[in-house]
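Participant: Here it is, the structure in full.
The values are calculated or read from the model by the stated rules, or taken from the named source; none is laboratory data. If you're wondering where the values come from, they're calculated on a predicted model, not measured in any experiment. Here the Cβ positions follow ideal geometry from the backbone for every residue, glycine too, while neighbour counts run over all protein chains shown. We work out accessible area using only protein heavy atoms, side chains counted, and drop any ligands, DNA or RNA first. Shrake-Rupley method; radii C 1.70, N 1.55, O 1.52, S 1.80 Å.
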Amino acid sequence: MTTESTIYRDSRLAKLQTLEEKGYNPYPYCFKPDAFAADLQEKYKDLTPGTETEDRVTIAGRAMAVRNSGMFIDLKDISGKIQVFCHKSHLSEDNLALLKCLDVGDIVGISGFIRRTPRGELSVAAEKFDIISKSLQPLPEKFHGLTDIEARYRQRYVDFIVNDESKALFQKRCQITSAIRRYFEDHGFLEVETPILHPIMGGANAKPFITHHNALDMDLFLRIAPELYLKRLVVGGFDRVFEIGRNFRNEGIDKSHNPEFTALEAYQAYADYNDMAELIPNLVRFVAEKVLGTTIITVNGHEIDLGKPFVKKSMLDLIKEYTGADFMQAETLEQAKALAQSVGVNASDCISWGKVVSEVFDAKVEEHLIQPTLVMDMPRDISPLAKTHRSNPRLVEHFDAYIAGMEIGCAYSELSNPLEQRARFDAQCADREAGDDEAQMLDEDFINALEIGFPPSGGMGMGIDRLAILLTGAESIRDVIAFPTLRKRD
């Protein structure tokens, strides 16, 4: 805390002491407003300057500005701002004394009548004034606000108070999640919840967080994906399920990655990845229309119409388009590495043909996928939960959805053959032994569920935070997460 902050806090503590010495409680148990600023602004928008009404209201909010020794207060509530007019002709002596203990940032409750000042400002003329939460820390200076990015993320509560843009963006993010729920419920999906603590890491290729359960004396993984549990529900007869919840991956932090993030996953029995190739664009279009009122967004100067059909191109065709390299001609791992090297990608650490293909795609193609694109047909050895492609055994029926150069989701024709799934898991275990700590583990109970009988199904996943980046125009995933993961302060 700076010296200046300490001085401000000491002044506020002195005012708090004054209030308590008078027997006043500036932290009451509750307060009941009956009106909101935005509603009042709309209701009385035609009230002429200089007019006083007999309409009484009670409002509550934070004092964002205090002028003329408290005669004028700018009060901000969840809906917006309104001016409060405090004059001795309307307030008791006790209230006038209380007003002297007011600071910017205090939460106040006001009861009074509606008037519009001669200068045209709609106001609540206070007849009763209460401090209902005394603020002991000063807000950032009015004209500069909380502009330090690191401070904004660390003190998000202050960011939301002083930066209306941050608050509006987060509200829009919440609307996105709500619209996603509405879409799936309208299409016959059941929202479910599955475990966060997993005894076996599975459902995606990622590094996990590990914790320990004392009573059971066992290590557990924070889930990297809910996929395997959701598929168990489909086995159990729930033909259409979806889940929105937190996933955890022990990975780096950048503009599109946070170690904990909100993901959507959905599974539909008797469908395949072609059905998911319709579902994902329809979902994105629906959410954009509900939240933005339009399907057209602008990202880094590019106009993108989410209402148009997503382009479908295979991963291998895209690599060939942007590099000239045909990886179907690479029969061995060493040939694939050499081909990658020829287009400027070092894939020496890759342990499979599919890993090399994925590395080249990430390095040479991903950034070019500005318009909505479904990247179809992934290498089989990097997607252990998808069905083998019906026309090419080196590939699987798995696509990733890209918008503005960023992957926002993926979908599979889900692998339902338990014997093939076991073989895929065995291959993943071999990859782990070879040093791939993101490879999946063998889940015997999941195999058992498949042996009970898993209907042909299509599944999809989407990063809600990434969709929020696109629809809000945010620059980073940190902007759309209320409390992002940050490095510990020194």
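Participant: Give the range of the longest stretch in the chain that excludes all GluC sites (Glu not before Pro) found in loop regions by DSSP and having at most 16 other beta-carbon atoms within 10 Å.
Facilitator: 332-474
Participant: Another question, if that's okay. Roughly speaking, to the nearest percent, how much of the stretch 1-124's 1.4 Å accessible area is carbon and sulfur?
Facilitator: 50 percent
Participant: Tell me the mean residue ellipticity at 222 nm calculated for the chain from its helices only (DSSP H runs of n ≥ 4, each -39500 (n - 2.57), averaged over every residue, nearest 500). Walk me through the numbers before you get to the answer.
Facilitator: Numbers: 15 runs with 168 residues, N = 490.
After summing the helix terms and dividing by residue count, I get -10500 deg cm²/dmol.
Participant: My understanding is that a pair violates if its Cα-Cα distance is over 21 Å; which of Lys100/Lys167; Lys313/Lys364; Lys43/Lys76; Lys255/Lys313 do that in this structure?
Facilitator: Numbers: Lys100/Lys167 30 Å; Lys313/Lys364 15 Å; Lys43/Lys76 17 Å; Lys255/Lys313 26 Å.
Cα-Cα > 21 Å for Lys100/Lys167; Lys255/Lys313; rest within.
Participant: Put Leu486, Leu228 in order of accessible area, largest first, 1.4 Å probe: what do you get?
Facilitator: Leu486, Leu228
Participant: Could you work out the local net charge near Gln17, counting Lys and Arg as +1, Asp and Glu as -1, over the other residues with Cβ closer than 12 Å to its Cβ?
Facilitator: On the way: positive: Arg12, Lys15, Lys22, Lys134; negative: Asp10, Glu20, Glu21.
Net local charge, Gln17 excluded: +1.
Participant: For the chain, which longest stretch is free of loop sites, where a loop site is one of the trypsin sites (Lys or Arg not before Pro) that DSSP puts outside H, G, I, E and B and that has at most 15 other Cβ atoms within 10 Å?
Facilitator: 256-389
Participant: When the solvent-accessible surface of protein heavy atoms is calculated with a 1.4 angstrom probe, in what order do Phe221, Phe327 fall, highest first?
Facilitator: Phe221, Phe327
Participant: Over the stretch 326-449, with every protein chain in place, what whole percent of the accessible area is carbon and sulfur at 1.4 Å, could you tell me?
Facilitator: Heavy-atom surface of the stretch 326-449 belonging to carbon and sulfur, 1.4 Å probe: 47 percent.
Participant: Helix 273-292 versus the longest principal axis of the chain: what angle, 0 to 90°, nearest 10, using Cα atoms?
Facilitator: 10 degrees
Participant: Can you tell me the accessible area per residue over the stretch 334-480, all protein chains present, probe 1.4 angstrom, in square angstrom? If you can, show how the numbers build up before the last one.
Facilitator: Values: 5440 Å² over 147 residues.
Computed with neighbouring chains in place, this is 37 Å² per residue.
Participant: Sort His87, His187 by heavy-atom solvent-accessible area, probe 1.4 angstrom, most to least.
Facilitator: From most exposed to least exposed: His187, His87.
Participant: 5 Å is the cut-off here: which amide hydrogens, built 1.01 Å from N in the peptide plane, fall below it relative to Lys312, excluding neighbours closer than 5 in sequence?
Facilitator: Amide H neighbours of Lys312, under 5 Å, 5+ apart: Leu374.
Participant: Post the alpha-carbon centroid distance, the stretch 435-484 to the stretch 391-419, in whole angstrom.
Facilitator: 12 Å
Participant: Please list, in order along the stretch 165-170, the HN-Hα scalar couplings obtained from phi with the Karplus expression 6.51 cos²θ - 1.76 cosθ + 1.60 (θ = phi - 60°), rounded to whole Hz, x for Gly and Pro.
Facilitator: Values, residue by residue: 5, 5, 5, 5, 5, 5 Hz.
Participant: How much net charge surrounds Ser89 when only other residues with a Cβ under 13 Å from its Cβ are counted (Lys, Arg +1; Asp, Glu -1)?
Facilitator: -1
Participant: Summarise the accessible area of the stretch 164-304 (1.4 Å probe, protein heavy atoms) by the percent that is carbon and sulfur.
Facilitator: For the stretch 164-304, the apolar C and S fraction of the accessible surface comes to 48 percent.
Participant: Continuing with this model, one more query. So how tilted is helix 353-364 from the main axis of the chain? Cα-based, degrees 0 to 90, rounded to 10.
Facilitator: Helix 353-364 sits roughly 40 degrees off the main axis of the chain.
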